Structures are given as C-alpha cells and as structure tokens.
Amino acid sequence: MTAANDSLEFENATYRKVTWRLMPFLFLCYILNYIDRVNVGFAKLQMQQDLGFSDAVYGTGAGIFFLAYFFLEVPSNLLMQRIGARFWIARIMVVWGVVSACMMFIRGTSSFYALRLLLGAAEAGFFPGIILYLTFWYTRRHRVKMIAAFMSAIALSGVFGGPISGWILAQLSGVHGLRGWQWLFLLEGIPSIVIGLMAMFYLDNGPGKAKWLTAEERALLLQRLREEEELKKQEAHVQHTFIGAFRSGKVWAFCLVYFGFVMGNYGLGFWLPQIIKDTLTKDPWRIGLISMIPWGLGAIAMIVNGHHSDVTGERRWHIVVAGIVGCVAFAVSGLPGISGVAGIIALSFACMGVMSAFTTFWALPAATLSGTAAAAGIAWINSVGNLGAFVSPYVIGHIRDTTKSMTLALMVLSAACLTSVLLALYVTRKTNGPERSTAPQTAIR
C-alpha cells in the first residue's frame, strides 16, 4: 500500500512539475495571441472614423482573418508534428507579431483586408498546435483541466487587453504624429515577437527531450502516453489515420458544434467595445475598464466548469448547460429598450456560457482522435469551427449598417449557440455513465 501511495504521489508530483513548467508560458503566449487577434475591436473606435470604414467593411476585415486560418491550420499542425513544436510555435509567434505591428500602416479598405488576411495566415496553426502539443505531455485524465486553464487566456486577454487598449487610445493619440490605434497595433505586436523568440529556447518537443525532467519522470510520462495510445487503439470509436479523421461523422459534427460557439465568442470579441460605446460611455479608457467585467466573469466560469467536468468525468451536460446559458443571455441582451447596464450584465452571462462550453468541448475530439488523425482532426475542427469567426463579425457588420442596431445581431448569436447545443446533444447521445478520473477513460462524454 505504501509503495502504491509513493508511486501515485510521484506521478502527481511529476505532472505538477510539467504543469508549472509549461502552462504559465503557454498561457502568456495565448493571451498575446488573442489580444493581437481581436484588438482591432478597440482600434475600430478611432480607426473607423479616421479611415471612413462602414460597419460592414470593419466586420469583413475582422472576419477575413479566419479565411487564411481555414486553409492553413491543418498543414500547419502536420508540419509541427514533423518539424517539432519548439521551432514551429516560435516561428508562428514571431511572424504574427511582425504582421500585427504592421497593422499600424493601414491606409484604406484594401490594406485593411490584406493585413488582416496576412495576420490570419501568420497565426494559423497556433491554437490547434498548442492543443496538439498538450497531447504530447498529458493523458486525457489531465487534459481537460489543462485545456480549460489554457483557454481561460481568451477571457483574461479581455481583462488585461481591454484596459491597456483603452489607455493607449486615450493617452497616445497624436504622440509623434501617430493616432492611438496605430500605437495600439505597434505596442501590442512587439511582445509577441519577444516571447516568440523566447519560445525557441524554453519549450521542448516532448518529454523525451526535456532536460529539466529526471530520467524517472521522463519514463513515467512516456509510459502513460504509450498506455493511452494502446487504449485508444482498442476503442472502436477512435480514429487514428489522416483520412480517418475526415471520414468520421463525429469530427464533422464537432466542427459544427464549435462553429456556433465560436460565433458567440467572436461576436463579443469584435463588437463588445462598440456595444459599450453605444450604450454606456464613449471614453476609450472607461470602455476598456467596463469590458473587463464580462471577460473576467467568463474566465472564472470556464475554469470552474472545466474543473468540475474533470472531477466528475462528465462532458455532455457541462457543454450543453453552458451553451444554453449563452443562448438565453445573448437573447436577453438583444431585447429592444434594454438598458446599458442590464445589457452588460446579460452579455457577462453570455460570455460565461460560451467560454465554459467551448473549453470543455475540446475534451471530445481529444478523446476521439489519435496519432496523425489527432493532428489533422483537431486542426480541421478548429479550422471549420473558426469560420464562425468570419461569419459572425461579417453578418453583424451588415446587420448594423442595415438596421443601425445590435438587436437582430445578438439574436443571431443566440441562435448560433442554440444550434451548437442541439448538435452537442446529438453527437454525445451515446453515453453510458461518467468517466473515472482515477483510471483510463474509454467513453466520449
């Protein structure tokens, strides 16, 4: 009994060591990634007037980023698996940081579209690459918690990025002849370049090459990963090959589930500053401070939901209930005549629901795919799902130009979440009880 306890304690200590080594750094990388991706929402508060953009032009430019994502994420993940995560993640970060900083040179519609498309190409592969990278270190027993912790950077990027972006717009506009939105792109692009260069030296391609682990720790991690791969091969529902990932009906269903939740997430990410400006205050600094509220609550909710899902081993209802919360909250926020304060409260619940749903969602494909199929399938789900991030700002921009209101746009986001909830219920309909967190898991939840 003592030997078993010692073994379990050693295993837990090893995973804690890995987590403290990897997760803070990956977390920082994703905060920078998401800030550079959605800071155009704050830049819009000045840039739209300076350059004469309509809401439709802004929405198209915000979303066109994800067209490059769609075409390049699968090749990027396959290349990362072949070349190695350390070099590939560093390369992605440095290039996107350079392109993000170059957004300061936007002069009109064409350059706006071109640089957003180029930024999407530069960032393609980062998120699915990190999800794949976590499978090089963690078994599924630990992975949902790690994914939830990693993805909480989405919400926390709003907590940190909003006030910073608002301060830059308010304080630096006119300094050295540059507008605040130009300073915003420059100053928020540089950190990605610096951290990207650090990633080359800090990250390891997997446990086998990690010099900061002891031989015993490396052996344990590699053994647990081999055991999981063998278990997956025994499960009829698991796909292992590149072609198998694209032939799987579940993979395509996952794409659609993710699509709807992504629409809700990026509807908030790209349009929340404008909603606050329309309903509460026009001061950029105050807009940044108010934007912290939904994202801060979203960060708390997604971590709590992911942790509870991990402890109980249940996935289905953690996704579905969170999605329903997002659906209802978006609908309430779009009610005609709702006050600005009530609208922000409703959008805070929408953020909590959407964040909680799609962080727990990633446990499903991670449990379904293995080997080359994991690299291709995870990237494909993210690619197709992120087309929702093109559709969302594009549709909202045209709706605002047509109706001069956010009411219909918010109802569209509500419908997107509802569709994802119904699809999630369908794709997870064959469940036979909770996974056991103390033993290898064999069923999709």
- Note on the structure: The residue that is nearest to the chain's Cα centre (by Cα), considering only those in the stretch 80-93 that are surrounded by fewer than 19 Cβ atoms within 10 Å (Cβ to Cβ) and at negative phi, is PHE87
- helices (runs of 4 or more DSSP H) enclosed by the stretch 1-99 - at least 2 residues per element that are closer than 28 Å to LYS145 by Cβ and not hydrophobic (A, V, I, L, M, F, W, C): 2-38, 55-83
- Restricting the stretch 26-41 to residues that are touching a Phe, Trp or Tyr at 6+ places or on another chain (Cβ under 8 Å) and of a type in the set (Phe, Trp, Tyr), which is surrounded by the fewest Cβ atoms within 10 Å (Cβ to Cβ)? PHE27
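So which of GLY206, GLY196 is among the small types (Gly, Ala, Ser) and closer than 16 Å to ARG21 by Cβ?
Every option except GLY206 fails the conditions.
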- Taking the condition at pLDDT below 90 and either closer than 25 Å to THR281 by Cβ or surrounded by 24 or more Cβ atoms within 10 Å (Cβ to Cβ) (or both), does ASN77 pass? yes
- Of the conditions (1) assigned to a helix (DSSP H, G or I); (2) in contact (Cβ under 8 Å) with a residue 12 or more places away in the chain; (3) not aromatic (Phe, Trp, Tyr), the single one that SER173 does not satisfy is (1)
- Item | Count of residues meeting criterion [basic (Lys, Arg) and within 23 Å of the chain's Cα centre (by Cα)] in the stretch 102-122 | 1
- Looking only at the stretch 140-169, which residues are over 17 Å from ILE293 (Cα atoms) and either in contact with a strand residue (DSSP E or B) (Cβ under 7 Å, 6 or more places away or on another chain) or at pLDDT below 85 (or both)? ARG140, ARG141, HIS142, ARG143, VAL144, LYS145, MET146, ILE147, ALA148, ALA149, PHE150, MET151
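Taking the residues in the stretch 210-233 that are of a type in the set (Asp, Glu) and loosely packed, with under 12 Cβ neighbours inside 10 Å as candidates, determine which candidate is modelled with the lowest pLDDT.
GLU230
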- Do the conditions hold for ARG107, that is, is it surrounded by fewer than 24 Cβ atoms within 10 Å (Cβ to Cβ) and not in a helix (DSSP H, G or I)? yes
- Task: Taking the options GLY59, GLY120, GLY63, name whichever one is modelled with pLDDT of 90 or more, closer than 17 Å to ALA389 by Cβ, touching a His at 6+ places or on another chain (Cβ under 9 Å) and buried (at least 19 other Cβ atoms within 10 Å of the Cβ).
- Result: GLY59
- Item | Single condition PHE136 does not satisfy, out of (1) touching a residue at least 24 places away in the same chain (Cβ under 8 Å); (2) buried (at least 19 other Cβ atoms within 10 Å of the Cβ) | (2)
- Task: Could you pull out the residue among ARG429, ARG400, ARG436 that is of a type in the set (D, E, K, R) and either buried (at least 21 other Cβ atoms within 10 Å of the Cβ) or modelled with pLDDT of 90 or more (or both)?
- Result: ARG400
- Message: Of the residues GLY244, GLY196, only one is modelled with pLDDT of 90 or more, part of a helix (DSSP H, G or I) and farther than 30 Å from SER7 by Cβ; which?
- Response: GLY196
- Filter the stretch 326-340 for residues that are surrounded by 21 or more Cβ atoms within 10 Å (Cβ to Cβ) and either on the phi > 0 side of the Ramachandran plot or part of a helix (DSSP H, G or I) (or both) and give the result. GLY326, CYS327, ALA329, PHE330, SER333
- Item | Single match in GLY313, GLY288 (criterion: buried (at least 18 other Cβ atoms within 10 Å of the Cβ), in contact with an Asp or Glu (Cβ under 7 Å, 6 or more places away or on another chain) and in contact (Cβ under 8 Å) with a residue 60 or more places away in the chain) | GLY313
- Message: Checking GLY323 against (1) touching a Gly at 6+ places or on another chain (Cβ under 8 Å); (2) surrounded by fewer than 24 Cβ atoms within 10 Å (Cβ to Cβ), only one condition comes out false. Which one?
- Response: (2)
- Message: Testing SER192 on (1) crowded, with 16+ Cβ neighbours inside 10 Å; (2) over 29 Å from TYR15 (Cα atoms), one condition comes back false. Which one is that?
- Response: (2)
- Item | Near pairs, Cβ below 6 angstrom, 6+ apart or cross-chain, from the stretch 271-284 (modelled with pLDDT of 90 or more) to any residue that is part of a helix (DSSP H, G or I) and of a type in the set (Gly, Ala, Ser) | LEU272/SER291; PRO273/GLY41; THR279/GLY340; THR279/GLY343; LEU280/GLY340; PRO284/GLY166; PRO284/ALA170
- Item | Total residues in the stretch 285-299, condition more than 26 Å from PHE65 (Cβ to Cβ) and modelled with pLDDT under 90 | 0
- Query: Restricting the first residue to the stretch 318-340 and requiring it to be of a type outside the set (A, V, I, L, M), which pairs with a second residue that is assigned to a loop (DSSP other than H, G, I, E, B) meet a Cβ separation below 6 Å and a spacing of at least six or different chains?
  - Reply: GLY340/LEU280
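The values are calculated or read from the model by the stated rules, or taken from the named source; none is laboratory data. None of the values given here were measured: they were computed from a predicted structure. A quick note on method: Cβ atoms are made from the backbone with ideal geometry, for glycine too, and the neighbour counts reach across all protein chains shown.
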